[in-house]
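Let me begin by presenting the structure, written as structure tokens, before commenting on it.
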Protein chains: 2
Amino acid sequence: MSQRRPVTAQDVARLAGVSQSAVSRCFTPGASAAPQMRERVEAAARSLGYRPNLIARSLITRRSRIIGVALGYLHNQFYPAVLEALSEALQAIGYQVLLFTAPQEGDADPRIADILRYQVDGLVLASASLSSRLAAECRASGVPVVLFNRTTAGDDGTESVSGDNEAGAAMIAAFLVAGGHRRLAYVAGLENSSTNRDRQRGFCAALAAHGLAPPRIVAGGYDHTQAQRAAALLFASGDPPDAVFCANDHMALAVMDAARHSHGLRVPDDVSIIGFDDTAPASWPSFSLTSFSQPVAEMVAATVGLLVARLADPDAPARQLVLPGALVVRGSARLPARGLVTEAGRRIWRPQ
Amino acid sequence: MSQRRPVTAQDVARLAGVSQSAVSRCFTPGASAAPQMRERVEAAARSLGYRPNLIARSLITRRSRIIGVALGYLHNQFYPAVLEALSEALQAIGYQVLLFTAPQEGDADPRIADILRYQVDGLVLASASLSSRLAAECRASGVPVVLFNRTTAGDDGTESVSGDNEAGAAMIAAFLVAGGHRRLAYVAGLENSSTNRDRQRGFCAALAAHGLAPPRIVAGGYDHTQAQRAAALLFASGDPPDAVFCANDHMALAVMDAARHSHGLRVPDDVSIIGFDDTAPASWPSFSLTSFSQPVAEMVAATVGLLVARLADPDAPARQLVLPGALVVRGSARLPARGLVTEAGRRIWRPQ
DNA sequence: TTTCCCCTTGCATGCGTATGCAATAAGGAA
DNA sequence: TTCCTTATTGCATACGCATGCAAGGGGAAA
């Protein structure tokens with residue numbers, strides 16, 4: 001029963017007594033084929049266990065129906081959630097995901113450059129450790145590229161989908177100030193990432209606008225262990241903060257754990273902690289983390305939308321989409337006196 | 001600069017003044033080519049931005065260098081960790097991962113069957129919701145298949161890599177008994193999954209061997225929300241357990257959160273909780289979850305090993321690998337009087 | 001110088017499928 | 001019945017690359 005040589009359209013054609021092209025047409029939606037012949041061919045295909053070779057098809061059609069997705073650091077729950085949603089959405093419209101994981105350290109570009117050799121129809125770059133140069137290179141070779149949760153510095157024509165990092169961070173600043181905090185800290189993500197840059201800028205600018213001193217900034221590198229170290233720096237110092245904004249949930253959970261279990265602090269009584277992304281663990285009772293939500297479903301839908309639009313018209317103007325989020329209020333930060341509303345089952349903060 | 005028609009080996013050959021086959025040989029390791037010509041060709045390739053078309057190459061070599069990986073439910077941190085390790089390991093030896101996500105509900109087989117049309121060189125099935133029929137079908141078409149963290153009921157010749165679910169669960173039973181627990185409960189995973197079957201069997205058999213009554217069993221479906229409901233069933237009952245073994249960490253975290261925050265229980269004073277997998281959050285101070293570790297790195301390495309072995313020799317005998325784990329002891333379960341040892345930085349339990 | 005051998009390189013072909021074109025069949029209108 | 005239209009199907013080719021085969025070339029050994 002074990003097929004050593006895979007069944008080809010030729011084999012099916014022979015068995016059904018038709019030509020190979022007839023077989024091909026039976027598997028091509030919209031092609032002209034008589035019902036009677038189609039039935040014969042399908043019966044033959046079934047009995048042989050024929051499966052069209054998508055590799056060969058791709059060679060002709062110049063469409064692989066494969067989308068490359070580059071990711072790094074799946075320990076941050078945000079990315080598995082994104083990946084699952086993206087894969088589902090793409091599978092639903094007949095595409096598959098070719099996964100590229102970026103190594104933690106070192107230059108990921110060389111290995112990722114292999115993507116293009118697989119003739120992917122499109123590319124989603126969701127790793128902060130990938131250079132903008134790579135994105136530009138992909139665009140140059142005519143492959144639609146969408147940056148996910150990341151943007152390029154100058155508008156170089158690369159499409160992107162991201163949350164509103166700057167506004168979100170600014171809202172967090174306002175929320176903390178309204179909650180009466182005065183000694184703020186920021187646990188930063190990767191220094192050269194656009195998300196960190198935007199979140200830090202939004203946070204600092206908003207604090208300044210409220211007349212507060214700049215926050216103390218410590219590096220967390222979007223990493224759990226580094227964030228623990230950052231927490232130690234903050235909480236063991238002579239002047240510990242009364243509120244910490246962490247550039248993502250993944251670090252916020254580490255900081256919260258460190259605050260409680262290594263430094264004997266109560267959250268939010270002694271220190272308020274806020275994250276970014278609103279990943280699943282944020283809502284777990286152990287953490288009850290107040291966090292600015294990134295609308296994963298919408299971001300994924302937008303990403304797929306950009307890809308299909310560009311596949312349909314390669315010359316469509318590049319768009320940089322920024323999707324709004326909401327500050328989901330839970331128990332990890334002192335509450336301001338007003339502005340809390342409940343919407344779609346979540347408690348969110350909407351000032352004024 | 002935007003290349004509409006991609007650069008082919010023909011284009012490079014023309015520019016370098018050689019034949020297309022010469023170009024091909026320059027990109028084929030081990031092929032015969034004079035250094036001088038190779039240099040000319042590489043220069044031409046570089047100036048044109050040539051990238052060999054792996055789709056076309058696959059058609060000839062009948063090797064796509066793509067491994068299909070079928071997963072479901074990435075919310076359980078175990079799987080992102082596996083996926084990342086698997087992708088890294090495969091990329092390191094020149095393979096890429098084509099990802100298939102199984103929908104939560106319904107039959108995943110039809111969509112997954114598409115995998116074979118992509119001519120994957122191998123297949124890793126790590127979703128409990130995939131039928132054994134699918135695995136058999138893949139094997140029949142000559143594609144190496146490895147079941148990951150799952151086995152087939154009868155030894156039907158499908159290769160698999162899994163942790164020692166039965167022994168691990170038995171060890172957990174012994175650990176809890178040694179810790180003085182008497183009223184045990186089991187939060188089950190998906191009923192028809194091999195991991196759940198083995199863990200439940202090992203747990204119950206060991207309890208019986210220790211002369212204890214069978215544990216109370218509630219369904220958790222490997223799902224966070226279902227596990228919360230299971231916890232409510234257990235803790236709100238008239239006879240709450242003094243120890244709960246959850247079929248994986250993902251559910252254990254939910255159960256622990258529910259115990260503490262919904263039912264006012266102290267862990268481990270009022271109830272001991274043990275998980276399975278030893279995922280990253282288990283070691284976070286908030287949980288400090290005692291858990292039977294699955295050796296992800298070794299399991300991934302073994303999986304890759306099985307794949308490459310089978311690629312080299314399709315007729316090699318199928319092997320079902322079971323890798324040993326260890327009971328990593330933390331603070332979520334009362335400690336037995338003896339048997340605790342520290343090894344490689346982890347505290348583990350090794351009876352007698 | 002001759003002979004032999006090996007290293008290079010081009011030619012030709014094929015991988016499995018899609019598709020333009022032409023040929024044939026079928027059916028309808030006049 | 002005849003002619004035209006439309007649907008169906010086969011033929012031939014191309015997609016981009018790898019590879020067996022043969023031819024050419026250069027060097028070493030005799």
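Structure notes:
- Whichever residue in the stretch B:242-275 is surrounded by 24 or more Cβ atoms within 10 Å (Cβ to Cβ) and over 17 Å from B:Gly331 (Cβ atoms) and, among such residues, is farthest from the chain's Cα centre (by Cα): B:Ala254
- Here the condition is being farther than 30 Å from A:Pro281 by Cα and either charged (D, E, K, R) or within 10 Å of DNA strand C (Cβ to nearest atom) (or both); of B:Val23, B:Val12, it holds for B:Val23 alone.
- Residues in the stretch B:85-97 that are over 17 Å from A:Tyr79 (Cα atoms) and touching a residue at least 12 places away in the same chain (Cβ under 8 Å): B:Ala89, B:Leu90, B:Ile93, B:Gly94, B:Tyr95, B:Gln96.
- Some residue of the stretch A:209-224 being buried (at least 24 other Cβ atoms within 10 Å of the Cβ), part of a helix (DSSP H, G or I) and at pLDDT 95 or above: no
- Checking A:Ala56 against (1) facing another protein chain (nearest Cβ under 8 Å); (2) more than 9 Å from DNA strand D (Cβ to nearest atom); (3) without any contact (Cβ under 8 Å) to a residue 40 or more places away in the chain, the condition it does not meet: (2)
- Within the stretch A:48-63, the set of residues being among the hydrophobic types (A, V, I, L, M, F, W, C) and within 7 Å of DNA strand C (Cβ to nearest atom) comprises A:Ala56, A:Leu59, A:Ile60.
- Out of B:Arg51, B:Arg40, sole residue that is more than 28 Å from the chain's Cα centre (by Cα) and facing chain A (nearest Cβ under 9 Å): B:Arg51
- Test: residue in the stretch B:173-184 that is in a strand (DSSP E or B), over 19 Å from the mean Cα position of the chain (by Cα) and crowded, with 22+ Cβ neighbours inside 10 Å: yes
- For the stretch B:64-84, the count of residues that are within 11 Å of chain A (Cβ to nearest Cβ), in contact (Cβ under 8 Å) with a residue 40 or more places away in the chain, within 16 Å of DNA strand C (Cβ to nearest atom) and basic (Lys, Arg) is nonzero.
- Which listed residue is assigned by TED's automatic domain parsing to the domain that holds B:His181 and modelled with pLDDT of 95 or more, from B:Ala236, B:Ala254: B:Ala254
- Residues in the stretch B:1-35 that are within 11 Å of DNA strand D (Cβ to nearest atom) and in a helix (DSSP H, G or I): B:Ala9, B:Gln10, B:Asp11, B:Val12, B:Ala13, B:Gln20, B:Ser21, B:Ala22, B:Val23, B:Ser24, B:Arg25, B:Cys26.
- Residue in the stretch A:46-61 that is at pLDDT 90 or above, over 30 Å from A:Gly305 (Cα atoms) and buried (at least 18 other Cβ atoms within 10 Å of the Cβ) present: yes
- Residues that are part of a loop (DSSP other than H, G, I, E, B) and among the polar types (S, T, N, Q), drawn from the stretch B:298-352: B:Ser332, B:Gln352
The values are calculated or read from the model by the stated rules, or taken from the named source; none is laboratory data. Computed from a predicted model, the values in this text were never measured in an experiment. Here the Cβ is made from the backbone with ideal geometry for all residues, glycine too, and neighbour counts use every protein chain on show.
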